[in-house]
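Take a look at the structure below.
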Amino acid sequence: MWNGKKDLLSMDQLSREEIEAILHYAGRLESLSGKGSKLGICKGEILITAFFEPSTRTRISFETAMHTLGGDVQNFSESGSSMEKGETKEDTIRTLEQYCDTLVIRDGEPGSVARYASMVNIPVINGGDGVNEHPTQALYDMYTMWKSFGRLTNLKIAIIGGLKYYRPSNSLVTGLGKFEGNSIIGICPKGLELSDKFRNSSYSEMPIDMAKLNETLEKIKPDVVYVTRLKKEYMPSGEDPGKYFYKIDASTMRILPGHCIVLHPLPRTSEMSTEIDPDPRVVMFKQVRHSLQVRMAVLALFSGHEDGLKQI
Ligand code: CP
């Protein structure tokens, strides 16, 4: 429970001040949370991660975050569980509640994590619910921008790709929209526009022929380029993802301003060439590293340990 909120389900439920508090605590944790270091903030507590969709970063970083906070971790896997005997996800979640203090859940159905959260009395963190939201992703994306620019205001952010099916961009547009002066520009193939539900007054959109991506970016001169993957797994069967093809490569980096940083929530596929990785403006693995401190702050806050964070 933090500020009267039991769960973290969406960016919409966080105020600007609460986002700033999370990033502030993440900054303090960064100097302390070397790999293998241990804090005692969540000592004696157990986190269960229950992921009904694949994950590398979200699951492992939450588990590492809890270990680093001094707590213990159990990972639930559908494979080998009694779900193979027909047990429902709802009964599974209510069972897991009996064994832990906090749950992080990922599920393919939009809104499902909120439904599970309403059935249990312990904090639930949304690790991604279908094409809806991925709030802790947005928090560490914003942390990475804040570390680069020293602010989250008056930034020009180009979000590129298949926005219709991409939950991190939904959460990021919502979060950045709470800070004044930002111009968030969605650059997407026609047909993959951001859902209306996540638009705000900071957001504008340019559905384009993605062959013109570089010339579009050259005109915009963004401070941040946020590249997204085409979520083929969420596209209707029969739809050809190939018609939406786009790619960020060395030619894109040549036209971006010298101060512009390039982020990607990962995993990447064909939309971002590995040839650009050595460019210091490409910060996606720093972004990955920041997931640890941000998720430590989130776990500590929502499990009721703000006082512990204040003491570090
Ligand atoms: N960015 C992200 O959520 O990665 P995973 O799907 O690997 O957790």
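If GLU78 meets every condition in (1) open to solvent by 20 Å² or more (accessible area, probe 1.4 Å); (2) under 29 Å from GLN311 (Cβ atoms) apart from one, which number is that one?
For GLU78, the exception is condition (2).
Return the pairs, sorted by first residue and then second, in which the second residue is open to solvent by 20 Å² or more (accessible area, probe 1.4 Å) and at pLDDT 95 or above, the first residue lies in region 113-129 and is within 16 Å of the ligand (Cβ to nearest atom) and of a type in the set (S, T, N, Q), the beta carbons are less than 6 Å apart, and the residues are 6+ apart or on different chains.
Final answer for the pair search is ASN126/LEU9.
For region 256-291, give me each residue that is part of a helix (DSSP H, G or I), of a type outside the set (Gly, Ala, Ser) and surrounded by 23 or more Cβ atoms within 10 Å (Cβ to Cβ).
GLN287, HIS290
Find the residue count for region 6-22, including only residues that are buried (at least 21 other Cβ atoms within 10 Å of the Cβ) and outside any loop (DSSP other than H, G, I, E, B).
4
Specify the residue that is surrounded by the most Cβ atoms within 10 Å (Cβ to Cβ); the eligible residues are those in region 216-241 that are farther than 21 Å from SER169 by Cα and at pLDDT below 95.
Taking the candidates together, the pick is GLU239.
Just to check your reading of the model, which residue among LEU69, LEU47, LEU29, LEU39 is open to solvent by less than 40 Å² (accessible area, probe 1.4 Å) and within 16 Å of the ligand (Cβ to nearest atom)?
LEU47
Of everything in region 272-296, what is in contact with a Gly (Cβ under 9 Å, 6 or more places away or on another chain) and either in the same structural domain as LEU47 (by TED's automatic domain parsing) or in contact (Cβ under 8 Å) with a residue 40 or more places away in the chain (or both)? Give them in sequence order.
Within region 272-296, just GLN293 meets the criteria.
The values are calculated or read from the model by the stated rules, or taken from the named source; none is laboratory data. Small disclaimer: the values here were computed from a predicted structure and weren't measured. So basically every Cβ, Gly included, is an ideal-geometry build from the backbone, and we count neighbours across all protein chains shown. Quick note on the areas: whole protein, heavy atoms, side chains included, nothing else; ligands and nucleic acids left out. Shrake-Rupley method; radii C 1.70, N 1.55, O 1.52, S 1.80 Å.
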